[in-house]
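Please treat every number below as a calculation from the coordinates, not as lab data. None of the values given here were measured: they were computed from a predicted structure. Note that we place each Cβ from the backbone using ideal geometry, even for glycine, and neighbour counts take in every protein chain shown.
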Amino acid sequence: MEFEAVIGLEIHVELNCTTKMFCDCPNRPGDDPNVNTCPTCLWFPGAMPRFSQEALEKASILCLGLSAELQPLSAFDQKVYYYPDLPKGFQLSQAHFPLACGGGIDITNEDGKTKRLRLHHIHMEEDVAKLVHEMEGRLPISLVDFNRAGSPLVEIVTEPDFRTPYEAMEFLKALRTQVRYVGSSECSMENGTMRVDANISIRPSGTNQMNTKVEVKNMNSIRHVGDAIAHEISRQSACMQAGETIILHTRLWDPDKKLTLPMRTKFEGPCVPDPKVPVIKLSPDWIEKMRSRLPEMPAARAERFVKQHGLTDEEANFLSSDPEVARFFEALIGQGIAPRTAMHWLITQLIPAVKDRQLDLSSSPVTPARFASLLRMLSQDEINANAAREVLVYLFDSDESPKKIVVARGFQQVSDPKALDGLIDKVLTAQPETVAKVRGGQDKAMGFLIGQVMKAAGGKANPKIIRELLVKKLSEIL
Amino acid sequence: MDSIFFYRNLEIVAPKDGHLQGVKIAIQPNISVAGWPTEAGSKALLNFKAIEDATIVQRLRQAGAFVCGSTHMSEFGFGLAGSKAGEALRRQAADVELVLDLMGESRLAALHAAACGFKPSYGLVSQFGLIGLIPSMECCGLLSRNLKNIREILQTIAGPDELDFSIPDEEIPNFSPQEIDPQKTTIGFITEPQNELSNDKEAIFRYSVDELKKAGFSLREMSLPDFSLFSLVHKIVGSVEASSCAGRYDSVRYGPRALGTKNWNDMYLLSRGAAFGLLLKSYLFQGAFFQFENYGAYENACRIRARLLTDMQLLLSQADFLVFPIDNGATSGASELLADTYNQFASTVFANVTGQPALYLPPVSGAAHLGFQLAGPRLSDARLLAVGEYLLNMRNGGK
Ligand SMILES: [Zn+2]
């Protein structure tokens with residue numbers, strides 16, 4: 001029997017707020033253990049939660065960025081479970097009235113078709129403390145770090161629209177891009193600011209059955225999510241073939257062994273409304289204010305790049321997948337650089353150079369204005385491509401303008417026929433065999449001659465002029 | 001052991017300016033004062049010392065009041081078993097007592113002390129630094145022989161607090177003295193609560209209400225058929241909230257931790273098992289039952305609560321205030337039983353369920369009745385106290 005998978009994702013995203021969700025402690029979980037704590041996030045008797053406006057704004061913008069609909073009324077509940085990472089016995093989470101409903105992301109599937117993957121809802125919740133288990137020594141001990149307790153999170157819950165690991169991975173990549181775009185989170189699975197659980201069930205292909213699902217946790221990268229889902233689909237298919245029943249449970253992904261293993265789950269009960277955190281009421285005006293802060297989202301931007309600047313879909317998608325790259329590209333266009341030149345030099349030269357130096361586009365000394373001035377000299381034939389690449393290196397190490405560097409270091413392109421004449425004659429005399437080949441119609445040989453003249457000119461000659469002069473001279477001699 | 005005080009403030013406080021200067025206030029050890037033992041009557045908080053002052057304590061001290069100590073209390077303030085609330089007034093060790101009112105504790109303690117007891121509107125007074133059990137029902141009650149004290153203290157402690165975001169953004173009542181015209185004030189007289197009283201108690205209540213008639217108020221007989229549901233709703237919703245909220249009292253960071261357990265699950269179970277008293281444990285079990293085994297009943301109770309609130313608002317659109325009997329219940333002694341505790345507070349829980357203000361006035365001295373409660377709409381606290389002051393004034397032969 002053929003099976004198909006029904007997959008839904010639950011994604012926790014840690015918001016990059018300056019403070020925690022219910023107190024003023026810095027939201028820096030990575031600091032030395034337990035330095036960012038106060039009676040509220042340690043939940044001492046008598047402490048009260050004070051809901052952060054910043055968390056609400058960052059969460060709301062994230063929801064709008066994923067086309068979810070902000071709800072006029074949402075509220076926090078107490079999610080009760082007992083575990084040492086949650087010493088107050090309940091986690092504040094929006095179980096009954098989430099912040100936003102609906103929304104979704106379009107992905108391009110393996111067959112090239114667009115598929116809409118829908119969101120069920122997005123809710124806010126606080127993070128819990130982190131347990132550190134020290135197993136070495138005679139007595140293993142568990143330590144609790146409260147730096148993360150009360151950090152603001154949103155949980156994005158999808159509809160079970162996914163059928164393949166590929167769709168899940170494409171969705172997560174697009175989600176990451178969009179959340180980074182709106183600036184609410186770094187959204188990195190590697191550093192734990194995005195955590196993904198997958199719910200997977202299988203059914204005979206083409207049916208509408210909803211079978212028992214299995215939850216898989218502990219994936220540390222988007223790749224792992226794909227691998228874990230693929231493994232779980234084949235494991236469940238084998239179970240079904242063997243006539244075994246699938247039972248509802250949770251499994252952990254083991255990245256080394258590349259398989260999922262059953263785990264013991266926490267005891268969790270239904271949620272009770274929290275009487276202390278005020279109900280959140282969002283007015284249409286406030287929602288519009290948040291919407292106005294929303295940047296142009298990547299899909300819309302890519303579409304505009306194709307229309308406005310004549311880029312291919314692939315080029316436009318690449319440029320708009322990172323907001324910094326997109327901003328840089330548009331700044332170059334604003335400086336009058338031709339879109340294809342800007343795109344080509346940004347992708348092939350500047351981004352790799354910035355990465356090599358472990359910088360960001362925004363923090364690099366090569367600002368859009370300086371890079372544009374370099375590209376302008378290139379397009380006006382003041383320098384050639386070789387020189388432009390070399391000048392770029394200098395731009396990282398010096399504050400001088402590209403123009404000054406070109407002049408001071410003699411990178412100007414030689415386009416004057418008189419200056420090139422003598423060099424060309426010398427090369428032609430020295431290379432009679434190649435000349436014969438050119439005359440025999442071998443185009444490659446022409447390239448070799450151009451290279452020789454360029455070499456003689458110290459790399460600064462204008463290759464177009466060299467070609468023109470060579471063609472002219474060879475026809476004269478004939 | 002001190003027969004009233006759990007902790008006495010021994011520091012000599014220099015006289016300070018402020019309109020509450022010279023007022024001696026006793027609190028309970030579920031109201032935080034930085035550095036004071038704040039065990040809330042529970043072994044689960046054994047040796048816990050508060051880290052910060054509760055907002056009300058900070059405001060009272062700022063106004064020149066002397067917080068003279070904390071009195072023995074029931075576990076987490078639930079019921080009055082083991083509590084000495086009212087004793088400091090009775091023995092003139094304090095002018096005012098602050099007692100958390102979860103189901104009517106401040107009003108019943110006032111009855112025992114033959115003093116006035118007031119439960120303010122929910123959300124009027126900051127809960128920051130109060131160690132409670134039933135967050136949507138409880139608030140800080142006040143006991144005094146004299147309503148002027150209560151009024152002036154409320155003037156000091158009521159209102160927004162940047163440490164308590166749960167206080168709604170509303171206009172705070174003005175607690176300055178105000179005139180009451182009894183001719184223009186209607187007091188509703190609900191029949192159902194009296195059905196719960198024995199015949200002689202009912203007669204006594206009707207007799208006590210005569211005082212209102214004599215003072216010139218117009219009385220109006222009204223009906224609230226579902227009055228008996230207040231107790232039931234409080235029991236279900238309150239126990240679920242308590243079971244969820246008491247999760248933080250895990251005896252790990254403070255309180256006695258069970259030793260020699262195999263793993264942390266056992267450690268939590270045994271520590272919590274040893275920490276809570278029988279009454280509280282049965283309450284928490286009941287809450288856990290509704291939350292995990294019968295959530296539908298909890299949801300129904302929440303719906304009924306909303307309906308009772310509407311019923312109450314409807315009555316208060318036809319009368320300015322309502323008068324209720326008070327009854328200290330059929331119990332004495334067997335206070336460890338949950339059912340007995342709820343019997344004891346059957347006449348007072350309504351105001352905790354609705355969040356409305358309620359004032360207990362003791363009887364005229366020598367009178368053979370228990371006094372009565374007056375309740376008003378939300379945020380009518382100042383006028384309610386003014387009506388009380390008017391009545392006390394009449395008793396003293398005033399205008
Ligand atoms: Zn904190």
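What are the radius of gyration and Dmax of the range B:161-239, computed over its Cα atoms and given in Å?
Taking only Cα atoms of the range B:161-239, I get Rg and Dmax of 18.0, 49 Å.
Once you keep just the Cα pairs under 8 angstrom separated by 6 or more residues, what percentage relative contact order results for the range A:3-284? Each step should come with its number before you reach the end.
Working: 644 pairs, mean separation 71.9, N = 282.
It comes to 25 percent, rounded to a whole number.
How far is helix B:278-288 tilted off the main Cα axis of chain B, in degrees rounded to 10, range 0 to 90?
For B:278-288 against chain B, the angle is about 90 degrees.
Determine, for the range A:224-331, the count of lysine pairs separated by eight or more sequence positions (or lying on different chains) whose alpha-carbon distance falls under 26 Å. Kindly include the intermediate steps, with their values, before the conclusion.
Working: A:257/A:266; A:258/A:266; A:266/A:276; A:281/A:289.
Qualifying lysine pairs in the range A:224-331: 4.
Once you place label points 7 Å from the Cα toward the Cβ at residue B:262 and residue A:1, how far apart are they in nm?
Placing both labels 7 Å beyond Cα along the Cβ direction yields 4.0 nm.
Take the range A:417-477, drop everything but the C-alpha atoms, weight them equally and run the Debye formula without solvent; then report log10 I(q)/I(0) at 0.20 Å⁻¹ to two decimals.
So the normalised log intensities work out to -0.66.
Convert each backbone phi in the range B:223-231 into a coupling constant with the Karplus relation 6.51 cos²θ - 1.76 cosθ + 1.60 (shift: θ = phi - 60°), then list the ³J(HN,Hα) values in order as whole Hz, x for Gly and Pro.
The phi angles translate into 10, 9, x, 8, 3, 5, 6, 4, 4 Hz.
Residue farthest toward the positive end of the dipole of the protein assembly as shown, with Cβ of Lys/Arg at +1 and Asp/Glu at -1: which of B:301, B:197, B:254?
Among B:301, B:197, B:254, the one farthest towards the positive end of the dipole of the protein assembly as shown is B:254.
Taking only Cα atoms, what is the 0 to 90° angle, nearest 10, from helix B:199-214's long axis to the longest principal axis of chain B?
Tilt relative to chain B: about 60 degrees.
So what J values fall out for the range B:295-300 if you push phi through Karplus, 6.51 cos²θ - 1.76 cosθ + 1.60 with θ = phi - 60°, rounded to Hz, Gly and Pro as x?
Computed from phi, the couplings for the range B:295-300 are 4, x, 5, 4, 5, 4 Hz.
Work out the mean other chain Cβ neighbour count within 10 Å for the residues of A:71-80 and drop it here as an integer. Spell out each step's value before the answer.
Details: counts 0, 0, 0, 0, 0, 0, 1, 7, 1, 8.
Mean partner-chain Cβ count within 10 Å for A:71-80: 2.
Put +1 on the Cβ of each Lys and Arg and -1 on the Cβ of each Asp and Glu in the range A:3-284; which of A:157, A:204, A:99 then has its Cα farthest toward the positive end of the dipole?
Sorting the options by dipole projection puts first A:204.
On average, how many beta carbons from a partner chain sit within 10 Å of the beta carbon of a residue in B:129-136? Please list the in-between numbers first.
Values: counts 5, 3, 4, 4, 0, 1, 5, 5.
Whole-number average of other-chain Cβ neighbours for B:129-136 is 3.
To the nearest 0.05, what FRET efficiency results for residue B:10 and residue A:139 with a Förster distance of 41 Å applied to their C-beta separation?
Working: r = 43 Å, r/R0 = 1.05.
Working from the Cβ atoms, E equals 0.45.
What nm value, rounded to one decimal, do you get for the distance between residue A:407 and residue A:53 when each label is placed 7 Å out toward the C-beta?
Result: 5.2 nm between the two label points.
Give the span of chain B's Cα atoms along each principal axis, as three whole-Å numbers ordered largest to smallest.
71, 55, 41
So for the range A:35-181, considering every pair of alpha-carbon atoms, how many percent are separated by more than 22 Å? Show your work: numbers first, answer last.
Values: 5566 of 10731 pairs.
Above the 22 Å cut-off, the range A:35-181 has 52 percent of its Cα pairs.
At what distance in nm do the modelled label points of residue A:464 and residue A:252 sit from each other, each positioned 7 Å from its Cα along Cα→Cβ?
The answer from the label model is 6.5 nm.
With N denoting the number of residues in chain A, provide Rg(C-alpha) divided by 2.2 N^0.38 Å, to two decimal places. Mind dumping the intermediate values first?
Working: Rg = 30.1 Å, N = 478, 2.2 N^0.38 = 22.9 Å.
Normalised Rg, Cα atoms only: 1.31.
Using only the Cα atoms of the range A:209-306, what are the Rg and Dmax in Å?
Computed over the Cα atoms of the range A:209-306, radius of gyration and Dmax are 21.5, 58 Å.
Please report, in whole Å, how far the alpha carbons of the range B:39-140 spread along each principal axis, starting with the longest.
In descending order, the Cα extents are 34, 32, 29 Å.
Rounded, prolate or oblate: which fits the range B:107-250, taking a ≥ b ≥ c as square roots of the Cα gyration tensor eigenvalues, rounded meaning a/c under 1.5, else prolate when a/b beats b/c?
Numbers: a/c = 2.03, a/b = 1.29, b/c = 1.58.
Oblate shape, in that a/c is at least 1.5 and b/c is the bigger or equal ratio.
Are there GluC sites (Glu not before Pro) in the range A:76-157 that DSSP marks as loop and that have at most 12 other Cβ atoms within 10 Å, and which are they?
Numbers: sites: A:110, A:125, A:126, A:134, A:136, A:155; in loops: A:110, A:136.
Answer in residue order: A:110, A:136.
Which values of log₁₀ I(q)/I(0), to two decimal places, follow from the Debye formula for the range A:151-246 at q = 0.16, 0.19, 0.21 Å⁻¹ with a uniform point scatterer at every Cα?
Per q value, in the given order, log10 I(q)/I(0) is -0.72, -0.94, -1.09.
Quick check: convex hull of the Cα atoms in the range B:191-296, volume per residue, rounded to a whole Å³?
Values: hull volume 17.9 nm³, N = 106.
It is 169 Å³ per residue.
What 222 nm value per residue comes from the helices of the protein assembly as shown, counting each DSSP H run with n ≥ 4 as -39,500 (n - 2.57) and dividing by all residues, nearest 500 deg cm²/dmol?
-11500 deg cm²/dmol
Just order B:286-294, A:165-173 by mean Cβ neighbour count inside 10 Å, highest at the front, would you?
On the way: B:286-294: 18.0, A:165-173: 21.1.
Final packing ranking: A:165-173, B:286-294.
Assign unit charges at the C-beta atoms only (+1 for Lys and Arg, -1 for Asp and Glu), then state the dipole size of the protein assembly as shown relative to its Cα centre in Debye, rounded to the nearest 20. Don't skip to the end; give the middle numbers.
On the way: 92 positive and 104 negative charges, 269 e Å.
In total the dipole reaches around 1300 debye.
Based on a Kirkwood Rh over C-alpha pairs, give the Stokes-Einstein translational diffusion coefficient of the range A:296-408 at 4 °C and viscosity 1.567 mPa s in µm²/s. Show your work: numbers first, answer last.
Values: Rh = 14.3 Å.
The Stokes-Einstein estimate is 91 µm²/s.
Could you sort out which of B:43/B:119; A:437/A:472; A:113/A:213; B:43/B:281 sit more than 18 Å apart by Cα distance in this structure?
Working: B:43/B:119 27 Å; A:437/A:472 16 Å; A:113/A:213 27 Å; B:43/B:281 12 Å.
Going by Cα-Cα distance, B:43/B:119; A:113/A:213 fall outside the 18 Å limit.
Along its principal axes, what span do the Cα atoms of the range A:3-284 show, with the longest given first and each in whole Å?
Ordered largest first, the range A:3-284 gives principal extents of 59, 56, 31 Å.
Given Cβ point charges of +1 (Lys, Arg) and -1 (Asp, Glu) and nothing else, what value in debye, to the nearest 20, does the dipole of the range A:118-276 about its Cα centre take? Working shown, then result.
Values: 20 positive and 22 negative charges, 54 e Å.
That gives a dipole near 260 debye.
With both partners inside the protein assembly as shown, how many of the DSSP beta bridges are antiparallel, as a percent to the nearest 5? Could you put the intermediate results ahead of the total?
Details: 83 of 102 bridges.
Given both bridge residues lie in the protein assembly as shown, the antiparallel proportion sits at roughly 80 percent.
Give me the angle, in degrees from 0 to 90, between the Cα long axis of helix B:381-395 and the longest principal axis of the Cα atoms of chain B, rounded to the nearest 10.
Value to nearest ten degrees: 60.
Place the peptides B:274-282, A:14-22, B:219-227 in order of packing, highest mean first, counting for every residue the other Cβ atoms within 10 Å and averaging per peptide. Write out the running numbers ahead of the final one.
Details: B:274-282: 18.9, A:14-22: 22.3, B:219-227: 15.0.
Sorting B:274-282, A:14-22, B:219-227 by mean packing, highest first, produces A:14-22, B:274-282, B:219-227.
DSSP beta bridges in chain B, what fraction antiparallel, as a percent rounded to 5?
65
Report P(r) for the range B:20-79: all Cα-Cα distances, bin width 5 Å, range 0 to the bin holding the largest distance, values in whole percent.
The percentages, shortest bin first, are 5, 20, 27, 23, 15, 8, 2, 0.
Based on Cα positions only, what radius of gyration and what Dmax would you give for the protein assembly as shown, in angstroms?
37.8, 139
Which whole number gives the average, over all residues in B:234-247, of C-beta atoms from other chains lying within 10 Å of the residue C-beta? List each step's numbers first, then the result.
Details: counts 0, 0, 0, 3, 0, 0, 5, 5, 0, 4, 13, 9, 2, 10.
Mean partner-chain Cβ count within 10 Å for B:234-247: 4.
Can you tell me the dipole magnitude for the range A:417-477 around its Cα centre, using point charges on the Cβ only (Lys, Arg +1; Asp, Glu -1), in Debye to the nearest 20? List each step's numbers first, then the result.
Values: 11 positive and 6 negative charges, 31 e Å.
That gives a dipole near 160 debye.
Please compute the volume of the convex hull spanned by the alpha-carbon atoms of the range A:18-119 and report it per residue in Å³. Display every interim value, and only then the final one.
Values: hull volume 16.4 nm³, N = 102.
Per-residue hull volume (Cα only) is 161 Å³.
Percent relative contact order of chain A, based on C-alpha pairs within less than 8 angstrom and at least six residues apart? Mind showing how you got there, number by number?
Details: 830 pairs, mean separation 67.3, N = 478.
Dividing the mean separation by the residue count of chain A yields 14 percent.
Just need the relative contact order of chain B here, percent rounded to a whole number, with Cα pairs under 8 Å and 6+ apart.
Numbers: 829 pairs, mean separation 71.7, N = 399.
Reported as a whole number, the value is 18 percent.
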